[in-house]
Amino acid sequence: MGYTVAVVGATGAVGAQMIKMLEESTLPIDRIRYLASARSAGKVLQFKGQDVTIEETTEDAFEGVDIALFSAGGSTSAKYAPYAVKAGAVVVDNTSYFRQNPDVPLVVPEVNAHALDAHNGIISCPNCSTIQMMVALEPVRQKWGLDRIIVSTYQAVSGAGMGAILETQRELREVLNDGVNPRDLHAEILPSGGDKKHYPIAFKCSSTNRRLH
């Protein structure tokens, strides 16, 4: 018997990769559902060659869902993940919203899969760079131990979602095609949509200090 899997944020950059990975996985899936914002509802995406109509993410959208993969931003996870759990789904949240919640396990399966046993309906994923690092460092920790890790990361604009990709493309066109000075570029998303201040990325090096979770 297979699962009903919902991808929340199916039209975004991360959602697209989730769909691709699900297509390639061995997870038994009976039904796939794509959830997104109201403006995307009614559009059609593919899953293994079959049309799947996008549904609006609402409080009542999770009935019958076994696994809900969230990748639509922290505010969406905060609002709708509890409704998914209430409907009986297990939520795997790819945003930062639940990462520091002591009641939500923060899991890298290759490192601490045992933490899954303690979930209360929601499982959180660490930052992407943290996941890769922990997989590599866990064998080192087990054999020799680790006292401290100092990390510098250089991350793609895609980490801030599809809107950030489009914003960067717009900035590139303005500089290369329209002759706009890079100093005069305007940003509304990068480095992160949730930040209070935004900075254009095209033709610039940008650094932010962030705590890894």
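The values are calculated or read from the model by the stated rules, or taken from the named source; none is laboratory data. Fair warning: this is a prediction, and the values are worked out from it, not measured in the lab. With ideal geometry, Cβ positions are generated from the backbone for all residues, glycine too; neighbour counts draw on all protein chains shown. Accessible surface areas use protein heavy atoms only, side chains included; no ligands, DNA or RNA. Shrake-Rupley method; radii C 1.70, N 1.55, O 1.52, S 1.80 Å.
Looking across segment 117-138 at every residue that is of a type in the set (A, V, I, L, M) and out of contact with any Phe, Trp or Tyr (no Cβ under 7 Å at 6 or more places or on another chain), the one that is surrounded by the most Cβ atoms within 10 Å (Cβ to Cβ) is identified as I123. Say whether the condition of being of a type in the set (D, E, K, R), in a helix (DSSP H, G or I), in contact with a Leu (Cβ under 8 Å, 6 or more places away or on another chain) and in contact (Cβ under 8 Å) with a residue 12 or more places away in the chain is met by at least one residue in segment 154-170. Looking through segment 154-170, at least one residue is of a type in the set (D, E, K, R), in a helix (DSSP H, G or I), in contact with a Leu (Cβ under 8 Å, 6 or more places away or on another chain) and in contact (Cβ under 8 Å) with a residue 12 or more places away in the chain. Criterion applied to K48, K20, K43, K86 was being touching a helix residue (DSSP H, G or I) at 6+ places or on another chain (Cβ under 6 Å) and open to solvent by 30 Å² or more (accessible area, probe 1.4 Å), and the one residue passing it is K48. Within the set G73, G42, G2, G88, the sole residue that is under 13 Å from the mean Cα position of the chain (by Cα) and not hydrophobic (A, V, I, L, M, F, W, C) turns out to be G73.
Condition check for V180 on (1) open to solvent by 70 Å² or more (accessible area, probe 1.4 Å); (2) modelled with pLDDT of 90 or more; (3) in a loop (DSSP other than H, G, I, E, B): one failure, at (1).
Residues in segment 139-161 that are open to solvent by less than 80 Å² (accessible area, probe 1.4 Å) and modelled with pLDDT under 90: V151, T153, A156, V157, S158, G159, A160, G161. Go through the residues of segment 143-164 one by one and say whether even a single one is hydrophobic (A, V, I, L, M, F, W, C) and touching a strand residue (DSSP E or B) at 6+ places or on another chain (Cβ under 9 Å). No, segment 143-164 contains no residue that is hydrophobic (A, V, I, L, M, F, W, C) and touching a strand residue (DSSP E or B) at 6+ places or on another chain (Cβ under 9 Å).
Could you please find all residues in segment 192-202 being open to solvent by less than 40 Å² (accessible area, probe 1.4 Å) and closer than 20 Å to S96 by Cβ? Quick ask: steps written out before the conclusion?
Start the filter on segment 192-202 by keeping residues that are open to solvent by less than 40 Å² (accessible area, probe 1.4 Å), which leaves 192, 200, 202.
Passing the criteria: only S192.
Rundown of residues vs (1) within 25 Å of T76 (Cα to Cα); (2) within 20 Å of the chain's Cα centre (by Cα), yes/no style:
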{"position": "Q100", "(1), (2)": "yes, yes"}
{"position": "L106", "(1), (2)": "yes, yes"}
{"position": "E110", "(1), (2)": "no, yes"}
{"position": "L185", "(1), (2)": "no, no"}
{"position": "G193", "(1), (2)": "yes, yes"}
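In the condition set (1) within 19 Å of G73 (Cα to Cα); (2) loosely packed, with under 14 Cβ neighbours inside 10 Å; (3) over 19 Å from the mean Cα position of the chain (by Cα), T58 is compliant with all but (3).
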